[in-house]
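J.: Starting off with a structure, shown below.
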Amino acid sequence: MARKSDKSMIVGLDIGTSKVVAIVGEVTDAGQIEIIGIGQHPSRGMKKGVVVNIESTVQSIQRAVEEAELMAGCEIHSVYAGIAGSHIKSLNSHGIVAIKDREVTASDVDRVIDAARAVAIPADQRVLHILPQEFVIDQQEGIREPIGMSGVRLEAKVHLVTGSVSAAQNIIKCVRRCGLEVQDLILQPLASSLSALTPDEKELGVALVDIGGGTTDIAVVALGGMVYDQSVRTAGHHMDEAIIQFMRRRHGLLIGERTAEQVKIEIGSACEDVESLSMEVRGRCLREGRPRVVRVTDEEIRGALAEPLKAIVAAVREALDVIPPEISADVSDNGFVVTGGGALLRGIAERLRRETGVPVTIADEPLTTVARGVGMMLDDIGLLKRVASAA
């Protein structure tokens, strides 16, 4: 992956709607990952998690990778790339096989997982990950590592994740145009969960809400594995568009996405704040066609963001409704962790807490959770093998 020592270098690539992040990690003698290089560049060729402009996406990837190489002092040759978007689908499946020789071997595990993945999926989808949730041996449930255990019948409960064939091919094409190879595609919410959630949280049951630029991805992790994931087409860019439309309707002012994002960052909020904020917004008067400056308040922008925030809250509530009741109860106790660029919106944690009645926290370094999570996944070879993309 890199010039220093390929075996000790970890390279993850997060190709998002708002930005591309490349992160280089080095595995220390203690088996920990030390981040030695990170690069990021605005993403101009992605929309709602899929490639819409190959040339722009290639340029963004090249810039991010070059910056990471410069910081790390290495040459990057291959990456593990994240994938997300509304084309991602998932379902839980179940497989059963007879145990050969009355003792579970790696071959038995492979066979039962193959049996569990034998479900019909649309021709335009490909299996990205097969995530074992638990194994059952002769009706004994809750087994994580069945190899070596005795029994007659082995069952596997797995979470299958599929994605659009064309979306995956376009991501691979963009990376290859940069002179890099894609070692594998990794579901972004899965990667985020590794870096944003503690081992205890993943065991007890918690939900991850990743508010990106084009999509909001919700993943529920319990008993050490993912049990639910969903992507909705409402996220940071929709908030920007809501601000643009508000300024047009209320003030007759034409502004662009960059200005709208600046407004969102400086005075945007998800719920009322003690401190009242305002700022001057420069744009073009729609009636006179001349430059004009308008002062807007945080209350106005909060009203403009009402619809996209309502959609995100509704998706979070749906996750609580559709997962098994016992897991829903655990998540209600342990809460949500919010990550992604949308996690930086003032008051987002408080808004979700008020609307759902569930504890909410903001992840550390929310802008780089995907890239860091890919690195953590690669450091765990066993985990990587279990989730490696299926051909």
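J.: Could you please let me know if GLY268 is closer than 18 Å to GLU257 by Cα, over 32 Å from the mean Cα position of the chain (by Cα) and either at pLDDT below 95 or among the small types (Gly, Ala, Ser) (or both)?
T.: In short, no.
J.: Could I ask something else about it? If VAL127 meets every condition in (1) β-branched (Val, Ile, Thr); (2) in contact with a Ser or Thr (Cβ under 9 Å, 6 or more places away or on another chain); (3) under 30 Å from SER332 (Cβ atoms); (4) surrounded by fewer than 18 Cβ atoms within 10 Å (Cβ to Cβ) apart from one, which number is that one?
T.: (3)
J.: Right, something else. Take segment 64-74 and flag every residue that is of a type outside the set (Gly, Ala, Ser), crowded, with 20+ Cβ neighbours inside 10 Å and modelled with pLDDT of 90 or more.
T.: VAL65, the sole residue that qualifies.
J.: Further question on the same structure: With the condition kept exactly as written, say whether any residue in segment 23-31 is buried (at least 21 other Cβ atoms within 10 Å of the Cβ), at pLDDT 90 or above and not hydroxyl-bearing (Ser, Thr, Tyr).
T.: For segment 23-31, residues buried (at least 21 other Cβ atoms within 10 Å of the Cβ), at pLDDT 90 or above and not hydroxyl-bearing (Ser, Thr, Tyr): absent.
J.: Identify the residue in segment 76-101 that is of a type in the set (D, E, K, R) and out of contact with any strand residue (DSSP E or B) (no Cβ under 6 Å at 6 or more places or on another chain) and, among all such residues, is nearest to ARG63 (Cα to Cα).
T.: Looking at the filtered set, the residue picked out is LYS100.
J.: Working only within segment 228-284, note down all residues that are in contact (Cβ under 8 Å) with a residue 60 or more places away in the chain and more than 22 Å from SER18 (Cα to Cα).
T.: TYR228, CYS271, GLU272, ASP273
J.: Being within 30 Å of GLU241 (Cβ to Cβ), of a type outside the set (S, T, N, Q) and surrounded by fewer than 19 Cβ atoms within 10 Å (Cβ to Cβ): is that true of ILE61 here? Walk me through how you get there before you give the answer.
T.: Values: within 30 Å of GLU241 (Cβ to Cβ): yes; of a type outside the set (S, T, N, Q): yes; surrounded by fewer than 19 Cβ atoms within 10 Å (Cβ to Cβ): no.
Answer is no for this residue.
J.: Here's something else I'd like to know. Have a look at GLN183, GLN169, GLN230 and point out the one that is part of a strand (DSSP E or B), modelled with pLDDT under 95 and out of contact with any helix residue (DSSP H, G or I) (no Cβ under 8 Å at 6 or more places or on another chain). Quick ask: steps written out before the conclusion?
T.: Numbers: GLN169 fails: part of a strand (DSSP E or B); GLN230 fails: out of contact with any helix residue (DSSP H, G or I) (no Cβ under 8 Å at 6 or more places or on another chain).
When all the criteria are applied, what remains is GLN183.
J.: Ok, one more. In segment 215-224, which residues are touching a residue at least 40 places away in the same chain (Cβ under 8 Å) and surrounded by 20 or more Cβ atoms within 10 Å (Cβ to Cβ)?
T.: THR215, THR216, ASP217, ILE218, VAL220, ALA222, listed by residue number.
J.: Next question. Do we have any residue at all in segment 193-202 that's assigned to a loop (DSSP other than H, G, I, E, B) and among the polar types (S, T, N, Q)?
T.: The answer is yes, given that some residue of segment 193-202 is assigned to a loop (DSSP other than H, G, I, E, B) and among the polar types (S, T, N, Q).
J.: Do we find that LYS89 is among the basic types (Lys, Arg) and under 30 Å from GLN40 (Cα atoms) in this structure? Working first, answer last.
T.: Working: among the basic types (Lys, Arg): yes; under 30 Å from GLN40 (Cα atoms): yes.
Answer is yes for this residue.
J.: Within segment 335-361, work out how many residues are assigned to a helix (DSSP H, G or I) and either of a type in the set (D, E, K, R) or farther than 28 Å from VAL21 by Cβ (or both). Let's see the steps before the verdict.
T.: At the first step, the residues of segment 335-361 found to be assigned to a helix (DSSP H, G or I) are 341-344, 348-356.
The next check asks that each one be either of a type in the set (D, E, K, R) or farther than 28 Å from VAL21 by Cβ (or both); those that pass are 350-351, 353-356.
The qualifying residues number 6.
J.: Report yes if GLU261 is surrounded by fewer than 23 Cβ atoms within 10 Å (Cβ to Cβ) and part of a loop (DSSP other than H, G, I, E, B), otherwise no. Give the steps one after another, and end with the answer.
T.: Details: surrounded by fewer than 23 Cβ atoms within 10 Å (Cβ to Cβ): yes; part of a loop (DSSP other than H, G, I, E, B): no.
So GLU261 fails the test.
J.: Determine which member of the set SER93, SER107 is assigned by TED's automatic domain parsing to the domain that holds GLY151, of a type in the set (S, T, N, Q), modelled with pLDDT of 90 or more and closer than 15 Å to MET149 by Cβ.
T.: SER107
J.: Which condition from (1) buried (at least 21 other Cβ atoms within 10 Å of the Cβ); (2) in contact with a strand residue (DSSP E or B) (Cβ under 9 Å, 6 or more places away or on another chain) is the one that ASP240 breaks?
T.: The number of the failed condition is (2).
J.: Inspect all residues belonging to segment 295-306 and state whether any of them is assigned to a helix (DSSP H, G or I) and within 22 Å of the chain's Cα centre (by Cα).
T.: Scanning segment 295-306, I find no residue that is assigned to a helix (DSSP H, G or I) and within 22 Å of the chain's Cα centre (by Cα), so the answer is no.
The values are calculated or read from the model by the stated rules, or taken from the named source; none is laboratory data. What you see is a predicted model, and the numbers here were worked out from it, not measured in a lab. Note that we place each Cβ from the backbone using ideal geometry, even for glycine, and neighbour counts take in every protein chain shown.
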